[in-house]
Amino acid sequence: MNVMKMMKQAQTMQKDMERVQAELVLKRVEFSCGGGMVTAVATGDGSVASIKIDPRVIVASDKELLEDMVLAAVDGAIKKSREMAAAEMQKVTAGIGMPGLFGH
């Protein structure tokens, strides 16, 4: 493969990666725990977009249990977000395996 062709492929891949990163900000994943009592939503870039708590948890549970459920929901949502981002980048890099990129 000649150098010019490799450089053109690298430029195309870079543009595709930038496009995917911009799209990931708009995508959302959701993770629930406690039987759906606490739900966290994260964007594809790993930011937490929202947390929903069923009012019955606030009335019926103790503070530590609620904190644990919120932490589990947020952690799960961020993990799903990273998995989604890695899968989207995998499509762009076509399995090239770039260490350190989105959890690879």
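The values are calculated or read from the model by the stated rules, or taken from the named source; none is laboratory data. Treat the numbers as computed from the prediction; the structure is a model and nothing was measured. With ideal geometry, Cβ positions are generated from the backbone for all residues, glycine too; neighbour counts draw on all protein chains shown.
Residues that are part of a loop (DSSP other than H, G, I, E, B) and either modelled with pLDDT of 85 or more or surrounded by 12 or more Cβ atoms within 10 Å (Cβ to Cβ) (or both) occur in segment 14-29; there is at least one. Figure legend. Inter-residue proximity from segment 4-17: first residues within 10 Å of THR93 (Cα to Cα), second residues assigned to a helix (DSSP H, G or I), beta-carbon distance below 6 Å, spacing 6+ or different chains. Indicated pairs: ASP16/VAL92; MET17/VAL92.
Among the residues of segment 46-104, those identified as aliphatic (A, V, I, L, M), modelled with pLDDT of 80 or more and surrounded by fewer than 13 Cβ atoms within 10 Å (Cβ to Cβ) are ILE58, ALA87. Pairing each residue of segment 80-101 that is closer than 18 Å to GLU18 by Cβ with any residue that is at pLDDT below 85 and surrounded by fewer than 16 Cβ atoms within 10 Å (Cβ to Cβ), provided the two are 6+ apart or on different chains, yields C-beta distances under 7 Å for ALA86/GLY103; ALA86/HIS104; MET89/LEU101; MET98/HIS104. For ALA40, work out the one condition from (1) part of a loop (DSSP other than H, G, I, E, B); (2) surrounded by 12 or more Cβ atoms within 10 Å (Cβ to Cβ) it doesn't fulfil. Result: ALA40 fails condition (1) only.
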